[in-house]
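The numbers here are math on the coordinates, done by the rules we state, and not lab data. These figures come from a predicted structure and were not determined experimentally. Don't worry about glycine lacking a Cβ; one is built from the backbone with ideal geometry, like all the others, and counts go over all protein chains shown.
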Amino acid sequence: MSSVLKKVPTQERLNQARQLAAAIFGHPWNPECKRLGTNILRAELKGPELVKYYGVNEDIPTFKDFKKWFPELKLVDPRETYRLHMIQDRKKRNKGAPKKKKA
């Protein structure tokens, strides 16, 4: 019986085989194992699906829109007054934003 010894392929030949397999199966060839971000580029875009689910946000008028449309009513936003009240309260307790530096 004669045993036939087969040569072990070199690293270069193995890399060529891997590169060919990547080309055949449509995978990116990245022998340096760098982060390429191809999984993000391959993913489907989420924007159109989100718009379909939530709808266009511009259809709903906001408080600012009403204030702009009816200036004679002199509307006051309760959320804005509450925000200003909280800022004033924090400043009383020395918890407000620091003063800006003068250049």
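Annotations
- Farthest positive-ward along the chain dipole, Cα basis, beta-carbon charges - from GLN16, LEU84, GLY96: GLY96
- Value of Rg/Rh across the chain [Cα atoms, Kirkwood radius]: 1.44
- The gain in end-to-end length when the ASP77 to ASP59 segment is fully stretched comes to 4.5 nm, 0.36 nm per residue minus the alpha carbon separation.
- Exposed loop sites, defined as trypsin sites (Lys or Arg not before Pro) outside DSSP H, G, I, E and B with at most 12 other Cβ atoms within 10 Å, are absent from the longest region of the chain, namely 47-73.
- Cβ-derived FRET efficiency at R0 22 Å, LEU36 paired with GLN16, nearest 0.05: 0.60
- Stretching the chain fully between PHE66 and GLU49 yields a gain of 3.1 nm (0.36 nm per residue, less the alpha carbon separation).
- The chain, helix-only ellipticity at 222 nm - DSSP H runs n ≥ 4, -39,500 (n - 2.57), divided by all residues, nearest 500: -14000 deg cm²/dmol
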